[in-house]
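Q: Below: one structure in structure tokens.
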Amino acid sequence: MKRLLSILFCAGILAGCSKSFGPYRPSTEDADPEPQTFQAIVTVKQDDSGTLFFQLDEDTRVYPVNYTEPFTGLKRIVCSLTLTPGETSCQVNWFDELEKGALKMGAADEQPDSQGYAGVDILQDWMTGVEDGFLTLHYVSWWGEGTTAHELFLLSQLNPENPYELTLLHNDGGDEALRQADSIIYFDINSLPSTEGDYVTLTLNWTKLDGEAASQQYRFKSRQ
């Protein structure tokens, strides 16, 4: 069953997470390994035969035995899975589809002015990262009563010398700053120039909640 998470994510799922709850790390110590339950962010995909699967990391795919949602194209979900090391089928304990942000490409003079946008703090935990052609961000922002829509989007090609430098902007719609809360958003960045199977350095720039400029680098390889 799908378990919906509000924009103020359940404390037991996100606030209590650490890297031990993140990407699956198979154990090689046990000759007869026990099933492992863990939380992960995965890409929902479909192979050439039409079989749905989860992309667990750049190289690992698993096949959920109880995920009945129809395939409507690539998307990212946060989920709890139970998987026996060495097997390719998994049990889905709960999942929630993540919000998708926009990547806006074009020349610098065609991009929005980055002034006047609200800041965010990006949490550098296991939920933030680049894999499978996606940038996923676990971030903290100010929110009001929950009735005002926020928009986060990426600008590319601001630096003509580096196509892998992106700027994150946050339009809070003039929302009131009543409370801080975390959320997750992902961006499909596979339309950036192909890395031809190699890893390159992806640079993300943004403005923090305190107004200071911030930058973080990630390893990026185009999705095949």
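Q: Around residue 223, which amide H atoms from residues at least 5 apart in sequence, or from another chain, sit under 5 Å from its own amide H, with H modelled in the peptide plane?
A: For residue 223, whose amide H was placed from the backbone, the distant partners under 5 Å are 133.
Q: Return a whole-number percent for the relative contact order of region 158-224, with Cα pairs under 8 Å and 6 or more residues apart as the contact set.
A: Relative CO of region 158-224 lands at 35 percent.
Q: Can you run the Rg to Rh ratio on region 136-217? Use alpha carbon positions and the Kirkwood inverse-distance Rh.
A: Ratio value, two decimals: 1.02.
Q: Rounded to whole Hz and in sequence order, give me ³J(HN,Hα) for region 60-68 from the Karplus expression 6.51 cos²θ - 1.76 cosθ + 1.60, θ = phi - 60°, writing x for Gly and Pro.
A: Values per residue, Gly and Pro as x: 10, 10, 10, 10, x, 8, 9, 9, 10 Hz.
Q: Shifting gears a bit: Straight distance only, please: which aspartates and glutamates reach the Cα of residue 100 with their own Cα at less than 12 Å, same-chain residues fewer than 8 apart left out?
A: 151, 188
Q: I would also like to ask the following. Give the peptides 131-141, 55-65, 38-48 in descending order of average Cβ contacts within 10 Å, highest first.
A: 131-141, 38-48, 55-65
Q: Taking the Cβ of residue 150 as the center, what net charge do the other residues with Cβ under 11 Å away carry, scoring Lys and Arg +1 and Asp and Glu -1?
A: Here the count lands on -4.
We did not get these values from a lab; they are worked out from the coordinates using the rules stated. Since we're looking at a predicted model, the values are computed, not measured. Every residue, glycine as well, gets a Cβ built from its backbone with ideal geometry; the counts of neighbours run over all protein chains shown.
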